[in-house]
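Accompanying notes for the structure given below.
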Amino acid sequence: MSVRSPWITKTAIHHVDEPFKLESGRVLPELHISYEIYGRMNKNRTNIILVCHALTGDAHLAGYYDGARKPGWWDVIVGPNKTLDTQQYCIICSNVLGGCAGTTGPASINPESGREYAATFPVITIGDMVRAQHLLLRHLQVSQLCAVIGGSMGGMQALDWAVRYPDMVSKLILLATTARSTPQQIAFHAIGRRAIQGDSRWNKGEYYGKERPDRGLSVARMIGHITYLSDHAMEEKFGREVKNKEQEPYALNADFQVESYLDYQGNQFCERFDPNSYLYITKAVDLFDLTKNGCLVEGLAPITARTLAVGISSDWLYPPQQVREIVKALRMSGTDAEYAEITSRYGHDAFLLEMGQLDYLISGFLSPKLVSDIMLQPVSSIKEDDTIEKACQVMVENTASHLPVLNKSGKISGIVTSWDIAKAVAYNFKTLDEIITRNVRTISPDDTIQEAALRMKKHDISALVVSRDEKLLGIVTSEGVSGSMRVNC
């Protein structure tokens, strides 16, 4: 898998010159939506994937801006021959409403006043963000999405997409997210907002053209960043190391390495993000709640998209339990949904970092590997009237451990394994019929290898006969399945 993107990317702006009514009832007189597109739409526009970014992300998903040293925020996943292969899919990502990377937000000019919106910008919701994205896709003449993918706040948008526009979304991939913000998650955001608003330079949001409230924004970022890391990751990265071992230890200045790291993260964040945008976007996340009448099953009932929801073992911001709740609710309403978990020490940020596991999970879900891809063929077989000696000879000559048994019509009537042959020798069985297993577990070549694995586990067997209309096509073994499902990370 290529790591470095080979192309230069550019951002486009879609101008909506008509009023945009928000869920609050307030109206924005116009709307600008910043977006980037990777790959080409096919003739029928059926290969389009929408990626929704997290809280402080933007539309720059992959590739390099001209002269930039760093690529887009998910460059490890998006690009030629990568997980979201731009030679196969057309990937779209837009900056969210309320953001500060080209889409209308608090720093934008209000056409009615000729000045920045600042704190007069109306409170927005995740639903408003999704409706703005829908306007963009309508402009791009996109009526069907192969998939919607999002992590963290991006996962909230993806869920809202599937609820709000179920006929448009074929597949849904949710990474480290939730269906409703919990009190603890709201509390962290509230402290961050208080830090910004408590900075005297915030000036009730009217700081444009003046000194920004960067001290408050920096503290807000520090608080947020702590929630993105696991305790183990911080222990491994910093321990109790101090910045300067010769420094007086009994002082109030920053001396631990973790303090220095958080200072750096806060300062870097101030160079690229608008404090007012932070206030509005975190508020939108806090308002997010897809339950209906207090019931998540009812709230997610409109979703028809086949869904993959991925939790992260060490994530304490959006813990695996909250992701499992989404899957449980979807299954209860009849939606095809599966849960997977990334094993990682990185915490919440693992959805941006664990390339190997992400590649395996996302690729397997978008283009699942089928039994036909890994089945052994041609497969050796024997007839019902063959002898045990004949079966043993065929096994040895073909290095086979499983032999399907065929009747006179060429249809599968049983199976014999190397273990059966061993029993025949041990107990001096005389006929093949004494060792044939008649209840043969079969699978279609069109089934996924995940289904094969589940079927083997359920019946405690090591192979499945691959057939169609009772005709033998091949055989798939537990070794073949486990090898194809192994994650290299």
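Can you spot a residue in region 151-167 that is outside any helix (DSSP H, G or I) and surrounded by fewer than 17 Cβ atoms within 10 Å (Cβ to Cβ)?
Taking region 151-167 and keeping what is outside any helix (DSSP H, G or I), we get 151-152, 165-167.
From the residues that got through so far, the ones that are surrounded by fewer than 17 Cβ atoms within 10 Å (Cβ to Cβ) too are 166-167.
The answer is yes; a qualifying residue exists.
Among strands (runs of 3 or more DSSP E) lying entirely in region 1-70, which contain 1 or more residues that are over 15 Å from Cys93 (Cβ atoms)?
Hits in region 1-70: 12-16, 31-38.
Here is a yes/no grid of residues against (1) part of a loop (DSSP other than H, G, I, E, B); (2) closer than 22 Å to Pro183 by Cα; (3) free of Cβ contacts under 8 Å to residues at least 40 places away in the same chain; (4) assigned by TED's automatic domain parsing to the domain that holds Thr125:
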| site | (1), (2), (3), (4) |
| --- | --- |
| Asn253 | yes, no, yes, no |
| Glu259 | no, no, yes, no |
| Asp263 | no, no, no, no |
| Val297 | no, yes, yes, yes |
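Does Ala284 satisfy being assigned by TED's automatic domain parsing to the domain that holds Thr103, in contact (Cβ under 8 Å) with a residue 12 or more places away in the chain and in contact with a strand residue (DSSP E or B) (Cβ under 9 Å, 6 or more places away or on another chain)?
No.
Based on this model, can you work out whether Glu112 counts as part of a strand (DSSP E or B), in contact (Cβ under 8 Å) with a residue 40 or more places away in the chain, in the same structural domain as Leu353 (by TED's automatic domain parsing) and among the charged types (D, E, K, R)?
Details: part of a strand (DSSP E or B): no; in contact (Cβ under 8 Å) with a residue 40 or more places away in the chain: yes; in the same structural domain as Leu353 (by TED's automatic domain parsing): yes; among the charged types (D, E, K, R): yes.
Taking the combined requirement at face value, the residue does not satisfy it.
Does Met234 satisfy the criteria of being outside the structural domain of Gly114 (by TED's automatic domain parsing) and among the hydrophobic types (A, V, I, L, M, F, W, C)?
yes
If I filter region 383-398 down to residues being surrounded by 13 or more Cβ atoms within 10 Å (Cβ to Cβ) and among the aliphatic types (A, V, I, L, M), which single residue comes out as farthest from Ile475 (Cα to Cα)?
Per the criteria, the residue is Ile388.
Any residue at all in region 409-418 that's among the hydroxyl-bearing types (Ser, Thr, Tyr) and within 30 Å of Cys90 (Cα to Cα)?
Let us first name the residues in region 409-418 that are among the hydroxyl-bearing types (Ser, Thr, Tyr), namely 409, 413, 417-418.
Still in the list and also within 30 Å of Cys90 (Cα to Cα): none.
Checked against the condition, which is being among the hydroxyl-bearing types (Ser, Thr, Tyr) and within 30 Å of Cys90 (Cα to Cα), region 409-418 yields no hits at all.
Looking only at region 419-441, which residues are of a type in the set (D, E, K, R) and outside any loop (DSSP other than H, G, I, E, B)?
Asp420, Lys423, Asp433, Glu434
In region 399-410, how many are surrounded by 13 or more Cβ atoms within 10 Å (Cβ to Cβ) and either out of contact with any Gly (no Cβ under 8 Å at 6 or more places or on another chain) or outside the structural domain of Glu434 (by TED's automatic domain parsing) (or both)?
6
Out of region 345-371, which residues are hydroxyl-bearing (Ser, Thr, Tyr) and either more than 30 Å from Val476 (Cα to Cα) or in contact with a helix residue (DSSP H, G or I) (Cβ under 6 Å, 6 or more places away or on another chain) (or both)?
Tyr346
The values are calculated or read from the model by the stated rules, or taken from the named source; none is laboratory data. Not measured: the values here are computed from a predicted model. Every residue, glycine as well, gets a Cβ built from its backbone with ideal geometry; the counts of neighbours run over all protein chains shown.
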